[in-house]
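Right, one structure below, let's go through it.
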Amino acid sequence: MVSIDQYLVLSAILFSIGTFGVLTRKNAIVIFMCIELMLNSVNLSFIALSNHLGNMDGQVFVLFIMTVAAAEAAVGMALIIAFYRNRDSIAVDDFNLLKW
Amino acid sequence: MENLVQAALKTVNFYAIMPSVILVIFGMVLLLIGVFSKPGRTTHIAWIGIIGLICAAAATVSAWNGLAIKDIGIQFGFADQVAQDGFALFFNIIFIFSAALTILMSDDYLRREGYPINEFYSLILFATAGSMWMASATDMMTIFLGLEVLSVSLYVLAGFFYNDVRSNEAGLKYFLLGAFSTGFLLYGMALLYGVTGTTNLSEIGLILSSQHQAMLGNPMTIAGMLLLSTGFLFKIGVVPFHMWAPDVYQGAPTPITAFMSAGPKAAALAAFMRILLFSFAEMQVDWSALLWILAVLTMTIGNFMAVSQTNIKRMLAYSSITHAGYALVGLVAANYIGFSGILYYMLAYTFMNLGAFAVLVLAGKKGENNLTYEGLAGFGFKRPFLGVALSIFILSLMGMPPTAGFTAKFYIFAGAIKAEYIWLAVIGVLNSAVSLYYYLRVLVAMYFRDPQEDFAWVSMPLGAMVSIIISLVGVLYLGLLPERVMELARIAIF
Amino acid sequence: MEQIYFFIIAIVAVVSAVLVVSCKSPINNAVALMMTFVCLANFYVMLHAPFMAAVQIMVYAGAILMLIVFVIMLLNLNTVLIQKTSHSVVGAITLAGLVFFQLYYMLGHSSTTSIKGDISNELVMEVGHTQLLAKSLFVEFLLPFEIASILLLVAVIGAVVLSKRNAAAQE
Amino acid sequence: MYDKLWLIPLLPLFGAIINGLLGKRFLKSEKVIGGIATGVMLLSFLLSSKYFFQLLADEVKVHEQIVASWMSVGNLQVNWEFLFDPLSALMIMVVTGVGTLIHLYSIGYMHGEAGFYRFFSYLNLFCFAMLMLVLGGNALVMFIGWEGVGLCSYLLIGYYMEKKSAGDAAKKAFVVNRVGDFGFLLGLMTLFWTLGSEHGVWTTNFVKIGENAHLLGTGSVVVTVITLCFFLGATGKSAQIPLYTWLPDAMEGPTPVSALIHAATMVTAGVYMIGRMSGLFAMAPTTMMVIAIIGAATALFAATIGFAQNDIKRVLAYSTVSQLGYMFLAMGVGAFTGGIFHLMTHAFFKACLFLGSGSVIHGMHHAYHHAHLHDDPQDMRNMGGLKSKMPITYWTFLLSTIAITGVPLFSAFFSKDEILWWAASSTRGSLWLWGVGAIAAGMTAFYMFRLVAMTFWGKQKTDARAKDHIPESPWVITLPLVILAALAVVGGYVGVPHVLGNIGGLHIPNYLEHFLDPVFGPAQETYRIAIKEAMAHSLLWEFGLMGASVAVGFLGIGVAIWFYIKSPELPGKFTSKFSGLHKAVYNKWYIDELYDFLFVNPIKRCGLFFWKGFDVCIVDGVVNGVGRVTTLVSSGLRYTQTGLTQHYAMWMVIGVVMIVGFYIFG
């Protein structure tokens, strides 16, 4: 029997890795992927907790998180493409017109 | 399966979310009308959107009266997912005003900038509906989805000028950072779910209060609360989660900047307040201490950063960060004056900030590169009415009596003083003195510099004028006779 | 047995997650991310949530990731964008490490609520996961479900608007 | 009985709105615009007079009038309310009276200016704000006026917007005022909080504050802090050390503005405010002492700077600072009536002086314009001998100058004497304060007569091409001058001190003291602020001090006449009449040189030193320095906003880590 703590720690590991990726990668799409990784780690937590606590709320929450992730992906990709058209780049270092 | 449908239908209570339902319907109707309209013709769509907002306002008022007649403070719907109470309804009014003023000032602007696209108005209506769900939700899930409807609309709206690199950049930055903060928000929600086994705010509050020792000191509870707060503080634009705000505000289309700094900010505050009050009332000492520091940081850093700006839009972005700090003071005070003060403050801020932006929308040339202090030189003489209006809004932002800004600040700081946070109030007042440095520059530019431009491009379209006049009336009414609205704000606090 | 399986999958998940953040080419990142998703789907099955596992594969791996891969292909990023190394790797490692350490510490010093719901694994076996989930979703969380539909509508509108091209210029 | 009180401030507001909105497009004519603006002020003045005389006859002296409820926060109810008592009655008489005259004057003075309608709109708006300040029944309504006058002053100083110096001066005035306002708000908040949380009285109402002030405890720390904060507010508005620098710069505004705002009304708001809360201030002896010392120091200090000025308006500006110092000295030693008395007489003679200088500038400007010269019309070194050119201006100016120097039987003699008498003999005063005040009085006499001498007496030093084209000003300018000069002469008789009133069995009572007694009496009685026993009935002391200060004043006049009139002319006379006595003449010349070397130059240098050294370097330096540091910090912080998404994300994570870490481990 795998204990709840193991799932939660695994989730924490994945969350930290995702955070690390957001902080270091320069490609906007990859950053978005890292964010997806973070959301997935949350999903894992939710489902593990839901199973542990014996109620369904956590799993319903995960369904919604997935919906949101899909919606964000659609809008995010559209934004990335629009930016790419104008700047020929999706490196976050090139988001540098607005500063100071 | 029959049972499931019946059980589901039993929970349905559209009356509890009527204003948002109206807005969603109108949003879809606008899309349909857009299909049958000639491209580039959007004026009638904007006005239909206004009609939708008026209907939503009517629904809000009638709901308010309904509550008053039945003499109940709160009414739940959808299996305790949403509550209809004074708090939600008061915020609904704030959202409706900010959306209406935004739509009114946008129509001519969008045509000038070359993006007369009808989806713009639908998105604003959807964003407003999302704000309403956030303010009335009593469940983390509904809050989260309301927040996402709002955020996703705003990502699009911020990047709405798809041919403009700055707008792209603003949208993309907001999107990436917003999604990132959502990660933290969700992690916090997961932890809270783990601690309490539920996502309902009142039930969380119940569990956290009935099991004091075991649950309140639990690191998981505290971490959950803090991570959850992080997500909201990001949306509110509190230091150190504020850094997206200036960039996004500067790059986004101007009416959207105005919209973002009023409505969505109020929505995030509303949801945050409800969570703190419903779920974490027992931990008030903890979050008050945290917010004390953050409020001071936000006021001060926002102010200092605003001093050295040259672009007025960006200056107003920092100023909006500062104002979020003032609003937080009410949250720190954590008494009913402070809370109702926040409601009042957000309403006042909606009028003064959107009013100022409405004038700037008219003053900008295509591309808006002239929205600097020099660009406004002599504006007050060339366009006397707009000059006076902008001056009044700026004075109100400064906190000069007898404008809305003064009464609102007074209210908030009175709350802090009442709660014996005297130093916080002093820092707040000191900060509003510092804010003079940059607000004054607008007035100096408008009235004490020789006109460099003829401002020939400044037209006075009906919609923008209506929005400026509504804002003026709002600012002066709230400044001179705030009594009635304050009373409403007071009733609105649970 | 279950423990061993868990560890194997967990290691695969972590390794592929590390690959997501470390591979140079966006396509490889995407493939690694796909791997992580699949591992998570495995866990969902282990946690008696088979429907979630299915949705995980369909929505994440099938829809979202495909979208991302399409965009990568469309922009031809594999060749266009050379990954620069970040100057703040050390800082990022420290921060991410701190995040993990805090979460770990927090998890180690706290406990979940003792109030247990009535949905046991046996019940899930007996009635079926999907039905239980549907009951919860459509009775308790009907409103969020409706809101989710609006959210998707907004996303569609957004994507349509943003991918318009030079509509203004054509006028 | 006083139910139309709200009309008094609202009439000018009405005028401001009409002129502001319709002035440019519809009214156009200067006569109509000026007529409307002056008319509303006149109506306001008439109404004030009616109520003033009603109050004189009234048994009840303090009337509170609630117009509407404003806001209620918790247990605090703030109303739109007015307080009509002898103090505010006197103040509205001064504000509307002097205000009406200056409006009338401005019609002539501003003739032909581009923003004529704008000027009158601002001026009316200012009067509205000032009347709100004066009539406000609670601290928040007063604060509206307080901020409003600051704002209008800002707009009016910067009126000549094409001049960069005007804009800078306006900004400086506003910023410095806001520093003061901060003090005001801080004091109000502390008072509000202390009274509320510790004594259960949540109020901002002046009457209630007065009634409950004793709860705070005489001389307690909190009272001292509160009153010091309020005093900081007063120093900002009333241009006292260290916040006075904005006032001389404010002379960039048109002259009627200087007369109305920067001499007669707004700058006295600080004095008024202390008077309004005399009950509170009386409880804080430390603060009172600080006020007295700052007042005396400012009086002396500003007078010194007055020596070195050559701009006619700047001399008057420093003189105003100095006279305000007197008023604060009076407040500090508990001579509240004396302070308000001097406020009133000062409003008359200083307004007259400013308007007179305006008339001179107007004439000089006209002459230069006629001769197509671009000399500075405000530089006194180019004047002289204007006596014959502008007789009315000259005589009114001279009378006011005599009044300000404290020549017996003129108005400032009575008011200044009362202040100095209290400074020496009050239980809160000391002979030192008297000494400083008396020296300042002598200096005042000196620089004022220097001003008159350089401007009106002696030879005309104006450029030859312009000197014959200096006209006397039209009646709209001279009429206010005459009225004000008359008031400057006789205005003092409402407050004749007892000791003089009883001479020769005349029994002229001190009307003013009697009138203001309901306002100041209680505080003075409760806290035993009175004349020291030892001096109370000593005619010797009273006449002695009076004589000494008058003597110092005459000395100042004498020295000024000696230096600026007598000696430069002596040589000429000598050479023409007694050609054989060249040597003596030359000797005389040397003596003058010696005098110059020994006295005039040191005094001038002293003035220059204080002006350039202290004023410009230190005080301005601090004000600007604060600004510069703010900007520096700002531009430093600005670079944290790098524009890089990941830096922002990093800050977010740092924030999260710190917050969570603090709570979990802390």
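The values are calculated or read from the model by the stated rules, or taken from the named source; none is laboratory data. Just so we're clear, the structure is a prediction, and the values are computed from it rather than from any experiment. Positions of Cβ are generated from backbone atoms using ideal geometry, with glycine treated the same way; all protein chains shown enter the neighbour counts. These area figures cover heavy atoms from the full protein model, side chains too; ligands, DNA and RNA do not enter into them. Shrake-Rupley method; radii C 1.70, N 1.55, O 1.52, S 1.80 Å.
Quick notes
- Counting only Cβ charges, +1 for Lys and Arg and -1 for Asp and Glu, the dipole size of the range D:170-292 around its Cα centre is about 120 debye.
- Top positive-direction residue, dipole computed over the range D:380-531 with Cβ charges, set D:Phe410, D:Leu516, D:Ala464: D:Ala464
- With at most 13 neighbouring Cβ atoms within 10 Å, loop trypsin sites (Lys or Arg not before Pro) (DSSP) excluded, longest segment of chain D: D:164-458
- Working note: Karplus 6.51/-1.76/1.60 with θ = phi - 60° gives the range D:56-71 the couplings 4, 7, 6, 6, 7, 9, 10, 10, 9, 9, 8, 8, 7, 7, 9, 8 Hz, where Gly and Pro are set to x.
- C-alpha long axis of helix D:620-638 to longest principal axis of chain D, angle in °: 40 degrees
- For chain C, built as a Gaussian network whose Cα springs stay under 10 Å, the top-fluctuating residue of C:Gln131, C:Gln56, C:Gln102: C:Gln102
- Neighbourhood charge, 14 Å Cβ-Cβ cut-off, centred on A:Met33 and excluding it, Lys, Arg +1 and Asp, Glu -1: +1
- Tilt relative to chain D, helix D:411-425 - C-alpha long axis, 0 to 90 degrees, to 10: 60 degrees
- Annotation: amide H of B:Asp139 within the under-5 Å range of B:Leu201, sequence separation 5 or more or interchain, hydrogens built in the peptide plane.
- Size of charge dipole - the protein assembly as shown - debye, nearest 20, with Cβ of Lys, Arg +1 and Asp, Glu -1, no other charges: 3920 debye
- Between D:His199 and D:Ser430, the distance separating the two model label sites (each 7 Å from Cα on the Cα→Cβ line) works out to 2.9 nm.
- For D:Ile654 and D:His365, the difference between the fully extended length at 0.36 nm per residue and the C-alpha to C-alpha distance is 97.5 nm.
- Structure remark: mean-square fluctuation, Gaussian network model of chain A, C-alpha springs under 10 Å; the largest value among A:Asn51, A:Asn43, A:Asn86 belongs to A:Asn86.
- Spatially proximal aspartates and glutamates relative to D:Lys532 (Cα-Cα < 15 Å; intrachain offsets below 8 disregarded): D:Glu418, D:Glu542
- Legend: calculated FRET efficiency, C:Gln3 to B:Trp423, from the Cβ-Cβ distance at R0 = 60 Å, rounded to 0.05, equals 0.65.
- Using the Cβ-Cβ distance between C:Tyr105 and B:Ile25 with R0 = 35 Å, the FRET efficiency computed as 1/(1 + (r/R0)^6) comes to roughly 0.10.
- Computed E for D:Glu525/D:Val629 - FRET, C-beta separation, R0 60 angstrom, nearest 0.05: 0.80
- Among A:Gly18, A:Gly54, A:Gly76, residue whose mean-square fluctuation peaks in a GNM of chain A (springs only between Cα atoms under 10 Å): A:Gly54
- In this structure the amide hydrogen of B:Asn13, modeled in the peptide plane, comes within under 5 Å of the amide hydrogens of B:Phe78, none closer than 5 places in sequence on its chain.
- The A-C contact accounts for approximately 6700 Å² of buried accessible area, totalled over both chains at a 1.4 Å probe radius.
- Proximal lysines to B:Lys38, defined as alpha-carbon separation beneath 19 angstrom and excluding residues fewer than eight positions away on the same chain: C:Lys164
- For the range C:98-171, the list of trypsin sites (Lys or Arg not before Pro) that fall in a loop by DSSP and count at most 16 other C-beta atoms within 10 angstrom reads C:Lys116, C:Lys164, C:Arg165.
- Near A:Ala69, once Lys and Arg are set to +1 and Asp and Glu to -1 for all other residues with Cβ below 13 Å from its Cβ, the sum equals -3.
- Site-free segments of chain B were taken between trypsin sites (Lys or Arg not before Pro) in DSSP loops having at most 16 other Cβ atoms within 10 Å, sites themselves excluded; the longest one is B:42-364.
- Between D and B, buried accessible area from a 1.4 angstrom probe totals roughly 6100 Å², ignoring ligands, DNA and RNA.
- Cut-off 13 Å between beta-carbons: net charge of the residues surrounding B:Thr182, Lys and Arg +1, Asp and Glu -1: -2
- Peptide D:636-642 - average C-beta neighbours from other chains (10 Å radius): 6
- Protection proxy ranking of B:354-364, D:333-343 - average other beta-carbon atoms within 10 Å, highest first: D:333-343, B:354-364
- Residue pairs exceeding 24 angstrom between C-alpha atoms, taken from A:Lys99/D:Lys171; D:Lys28/D:Lys164; D:Lys350/D:Lys389; D:Lys172/D:Lys313; B:Lys70/B:Lys418; B:Lys235/B:Lys313: A:Lys99/D:Lys171; D:Lys28/D:Lys164; B:Lys70/B:Lys418.
- Gain in span if fully extended, D:Lys532 to D:Leu22, counting 0.36 nm per residue against the direct Cα distance: 177.7 nm
- Shape category assigned to the range A:4-98 from the gyration tensor of Cα positions, a/c cut at 1.5: oblate
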